[in-house]
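**Student:** Quick one: structure below, then a few questions.
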Amino acid sequence: MSYLVPTDVVEKMVIAGAVKMNMTTRTTVIRAIMAGAILGLAAVFAITVAIKSGSAVAGAVLFPVGFIMLILFGYDLLTGVVVLGPLAVLAKRNCASVKKMWRLIGLVFIGNFIGAASVAVMMSFIWTFGFSIEPGVVASKIATIGESRTVGYAAYGAMGFATVFIKAMLCNWMVSLGVIGAMMSKDLMGKILAMWMPIMLFFYMGFEHSIVNMFLFPAGLIMGGEFSIIDYFVWNEIPVILGNVVGGLVFTGLPLYYAHRRSVEGKIVNSEFDEATAAAITR
């Protein structure tokens, strides 16, 4: 078959989580930085296409290109490791632990932020010719996106917080399906299609993705958006990360694990992973 059955996919998810926990700090951070940078560039690409073509659908159709590239190159997003890591711990892999899981999550968060924010700085430089002219249409749009998704939520208080949380849950439901869909397929085109569909859906629906926002909000602040760093973290990044975690686990990771697990608990996985093994398992 050109795809894996769900029971085999669950085993692959658990192994992938264990492998990622045992990668070196350097490898983990580099993978995370590149993932954040690529996704940031994909976001500005999709927004630019949507504005210049006048079609939000066109932007949504093209945004998954960045996600597909980073997954095929084996880079890591926070939205993926918060699903795979806990499953490895839940399956009681002898090389997985809660401490290693939090280390992985922390390093990937830092790397994703560095990568996405770096692209935000570079694009801001490009849009303004080194901050010597006023931002154009695309940059101004990104600034307004930052305002609407921070102070816009804050205006509704607790209901605004709940709204962004739910949008983040739905987002990582789709994103994690894309990650696992890539694991399920054995051929390149199958992987691309499995990733394309759910990623296109979340982007068009305006759901909240923590790493995309790591690009949008720093860029919005640089471009003069009327919101603060505190607004960004309190009314967006923190509830979005929480929602991404809950959505990925509750809607994707845990249902698959409990519905299709065979004997993944307690299987011995060597704690010494070389780069070749890690790359082969997580493709």
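Taken together, the values in this text are just the output of simple stated rules run on the coordinates, not laboratory data. No experiment lies behind these values; they were computed from the predicted model shown. When we count neighbours, we look across all protein chains shown, and the Cβ atoms used for this are built from the backbone with ideal geometry, even at glycine.
**Student:** Compute the longest continuous run of the chain that contains no exposed chymotrypsin sites (Phe, Trp or Tyr not before Pro); treat a site as exposed when its DSSP state is not H, G, I, E or B and it has at most 15 other Cβ atoms within 10 Å.
**Tutor:** Here the longest run is 157-283.
**Student:** Want the number for Leu254 to Thr163: 0.36 nm per residue separation, take away the alpha-carbon distance, what's left?
**Tutor:** 30.5 nm
**Student:** Before rounding to the nearest 500, sum -39500 (n - 2.57) across all DSSP H runs of length at least 4 in the chain and divide by the residue total; then give [θ] at 222 nm in deg cm²/dmol.
**Tutor:** One gets -24000 deg cm²/dmol as the mean residue ellipticity at 222 nm.
**Student:** Now, a different point. If you only keep lysine pairs separated by 8 or more in sequence, or across chains, how many in the chain come under 23 Å at the Cα atoms?
**Tutor:** Going through the chain pair by pair, I get 19.
**Student:** If amide H atoms are built 1.01 Å from N in the plane of the peptide, which residues on other chains or at least 5 residues away come under 5 Å of the amide H of Ser185?
**Tutor:** Leu4
**Student:** Can you pull out the trypsin sites (Lys or Arg not before Pro) in the range 27-123 whose DSSP state is coil and whose Cβ has at most 13 other Cβ atoms within 10 Å?
**Tutor:** Here the sparse-neighbourhood loop sites are Lys92.
**Student:** [x] -0.47, -0.81, -1.06, -1.28; [y] -0.53, -0.82, -0.99, -1.17; [z] -0.41, -0.72, -0.96, -1.23: which one is log10 I(q)/I(0) by the Debye sum over Cα atoms at q = 0.09, 0.12, 0.14, 0.16 Å⁻¹ as calculated from this entry?
**Tutor:** This structure yields the entry labelled [z].
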